[in-house]
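Handing you a structure now.
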Amino acid sequence: MVQKYEKRHTQTEPFPYSLVEELLYLRDVHHKMGWIGYKPFRYTEIFGNVSQWIDEGVFGKKPGLLITGTGTGVKERIWGGDFAMVPDVDEDNFVITSYGPSGPSAEAGTHMKVSELMGRPKFICHPHAIMWRLHKFFSYLTTVEGVDYGTKEMVQEFDRLLPLHQAKSDRLVIMGGHLDGIVSWGDTVEDAMKPLLKYEALCKQKIVEICSDPKRRNDRLIEVSDLVTMEDLYNAFIGQDTEPVRN
């Protein structure tokens, strides 16, 4: 049975700007890129989150992963009141322990697993973008389709994939059962985003290869998944990711 984590959260006052400054910048970049947000025609829920490992606790509590709060992707700008600190994830009992002014993302367990197995990288990114639906054209590590986000099973998938050498070299994992979701990490904001930008460039190259060739018109209309065609991906590539009109 699929089981999502229970959250045990302690409410606190907002975190100081000095603590959240770097993560705010990373999150704002993701939001401007369309990697964090809310597109009800594309996804059923608010999507995307980022986290940062913090070595010192706040408010007399333990240190841990500072992560964007649940549901905050709908906001254009966020502040110190929109984060949670996650000092502990109990995999055996399916419990995420946190404190802060906002509850943590349901995907805090996945973030913590990446942090633990990849040597505590400073930043972890979990964005979504429709163009990334082309992962089957490439050979990136991918979690099993059908494994949902925020579950023990998803964390187990990362347990399986992250020890592989490719995880260390790519610093990117595709979430096969979590539509258009990927995870990357790095010790600086720039390093954490490099794998995302590289993967997006590969997807754009593939989209242009297919959609710019008049002889491949039929390929443009092939459904990639969930009624999304290659032509829809091309429209997203040129900045027109709007609700598709179907005849």
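A short reminder: the numbers here are calculations on the coordinates, not readings from a lab. Quick caveat, the model's predicted, so the values are computed rather than measured. Counting neighbours? That spans all protein chains shown, and the Cβs are built from the backbone with ideal geometry, glycine included.
What do you reckon, is Thr142 under 18 Å from Thr44 (Cβ atoms) and of a type in the set (Ser, Thr, Tyr)?
Taking the combined requirement at face value, the residue does not satisfy it.
Could you tell me whether Tyr43 is more than 28 Å from Thr188 (Cβ to Cβ), among the aromatic types (Phe, Trp, Tyr) and surrounded by 20 or more Cβ atoms within 10 Å (Cβ to Cβ)?
So Tyr43 does not fit the description; no.
A follow-up question, please. Quickly run through the range 92-140 and pick out the residues that are out of contact with any strand residue (DSSP E or B) (no Cβ under 9 Å at 6 or more places or on another chain) and in a loop (DSSP other than H, G, I, E, B).
Within the range 92-140, Asp92, Gly119, Ser139 qualify.
Hey, another quick one. For the range 1-68, give me every one of the strands (runs of 3 or more DSSP E) that falls completely inside it and has 1 or more residues that are out of contact with any Pro (no Cβ under 9 Å at 6 or more places or on another chain) and among the hydrophobic types (A, V, I, L, M, F, W, C).
By residue number, 64-68.
Moving on. Scanning for something surrounded by 18 or more Cβ atoms within 10 Å (Cβ to Cβ), touching a His at 6+ places or on another chain (Cβ under 8 Å), in a loop (DSSP other than H, G, I, E, B) and on the phi < 0 side of the Ramachandran plot, does the range 150-161 turn up at least one residue?
Looking for residues that are surrounded by 18 or more Cβ atoms within 10 Å (Cβ to Cβ), touching a His at 6+ places or on another chain (Cβ under 8 Å), in a loop (DSSP other than H, G, I, E, B) and on the phi < 0 side of the Ramachandran plot, one finds none in the range 150-161, hence no.
Taking the criterion of being small (Gly, Ala, Ser) and either closer than 20 Å to Arg27 by Cα or part of a helix (DSSP H, G or I) (or both), would at least one residue in the range 173-180 satisfy it?
Among the residues of the range 173-180, not one is small (Gly, Ala, Ser) and either closer than 20 Å to Arg27 by Cα or part of a helix (DSSP H, G or I) (or both), which makes the answer no.
Looking at (1) over 20 Å from Met175 (Cβ atoms); (2) under 18 Å from the mean Cα position of the chain (by Cα); (3) of a type outside the set (Gly, Ala, Ser), which one does Val58 not meet, given that it meets all the others?
Unmet condition: (2).
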